[in-house]
Amino acid sequence: MLFIEVYARPGAFGQEELRRLADRLTPGRLFAAAEGDGETADPGVLALLDSLGHVVVHEPAIWATSGPARCVVNVYATAWAKEMSEHLVSSVTAAVPGGEAIVHVFSVPQGGYGVEGRVRRASDVLTMIGDAKHGVPGEPPPGAFVDPVCGATVLRENAVTLERDGTTYGFCCPHCRRHFAQQA
């Protein structure tokens, strides 16, 4: 799902700081609710994301720049890079002490991601996410939807919606919406 590569300016962080930074950048942490934003994610989905994601930290021998950034973070995301970019850039930046980071989000094209020796496309990953959800979602808080595909709680103003049989469903992204529409 996500491969996160951190290049830390030599000497900018101690080893324990780098370890804590890597922990803050795990996919489960990046997609867990930001404090007070009203959005949450299903714990089973967060565990799946952590099992499919990786964080690697490098401290290069040479760092040539006059810029203030303490690190550069490259995030390689599957099909949802475009939809997730804003969230990823803000979440990754918030995870870096002092916010001193340059963040790049790269999209892995359809067919460019493999798990267990098989190519996994967006629909395959969405099926894995659906299977990882913990039970039936509860009632969403006022002003929010619970995405029926991935279990994320999404504020109404941020949701991608679909009307079906008189019911409005809210989704975290167009991929979840499309997957839901195709399943019916």
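Within the stretch 51-98, the set of residues being part of a loop (DSSP other than H, G, I, E, B) and farther than 18 Å from F13 by Cα comprises G53, T78, A79, W80.
Against the definition (in contact with a strand residue (DSSP E or B) (Cβ under 7 Å, 6 or more places away or on another chain) and loosely packed, with under 12 Cβ neighbours inside 10 Å), how does G117 come out, yes or no?
On the way: in contact with a strand residue (DSSP E or B) (Cβ under 7 Å, 6 or more places away or on another chain): no; loosely packed, with under 12 Cβ neighbours inside 10 Å: yes.
No: the conditions fail for G117.
Of the residues screened, A79 is one that is among the small types (G, A, S), surrounded by 15 or more Cβ atoms within 10 Å (Cβ to Cβ) and within 25 Å of S51 (Cβ to Cβ).
Taken over the stretch 1-18, the residue count meeting the criterion of being assigned to a helix (DSSP H, G or I) and either under 21 Å from T78 (Cα atoms) or touching a residue at least 12 places away in the same chain (Cβ under 8 Å) (or both) is 2. For the stretch 164-184, filtering for residues that are part of a strand (DSSP E or B) and either out of contact with any Leu (no Cβ under 9 Å at 6 or more places or on another chain) or over 24 Å from L48 (Cα atoms) (or both) leaves 3. Residues in the stretch 144-171 that are surrounded by fewer than 18 Cβ atoms within 10 Å (Cβ to Cβ) and under 22 Å from the mean Cα position of the chain (by Cα): 5 in all. The C-beta contact set for the stretch 40-56 (first residue of a type in the set (D, E), second residue at pLDDT 90 or above and part of a loop (DSSP other than H, G, I, E, B), distance under 7 angstrom, 6+ apart or interchain) comprises D50/T26. Residues that are surrounded by 12 or more Cβ atoms within 10 Å (Cβ to Cβ) and polar (S, T, N, Q) within the stretch 39-69 comprise T40, S51, listed in sequence order. Residues of the stretch 112-163 being hydroxyl-bearing (S, T, Y) and either in a helix (DSSP H, G or I) or touching a residue at least 24 places away in the same chain (Cβ under 8 Å) (or both), which ones? Y113, S123, T127, T153 - these are the residues of the stretch 112-163 that are hydroxyl-bearing (S, T, Y) and either in a helix (DSSP H, G or I) or touching a residue at least 24 places away in the same chain (Cβ under 8 Å) (or both). Here is a check on your reading of the model: is G28 within 20 Å of F171 (Cα to Cα), in contact with a helix residue (DSSP H, G or I) (Cβ under 6 Å, 6 or more places away or on another chain) and either at pLDDT 95 or above or not polar (S, T, N, Q) (or both)? So G28 passes the test. With respect to (1) without any contact (Cβ under 8 Å) to a residue 40 or more places away in the chain; (2) over 20 Å from T26 (Cβ atoms), the lone exception for E86 is condition (2).
The values are calculated or read from the model by the stated rules, or taken from the named source; none is laboratory data. Values in this document were obtained by computation on a predicted structure and should not be read as measured data. Cβ atoms come from the backbone with ideal geometry, glycine included; neighbour counts cover every protein chain shown.
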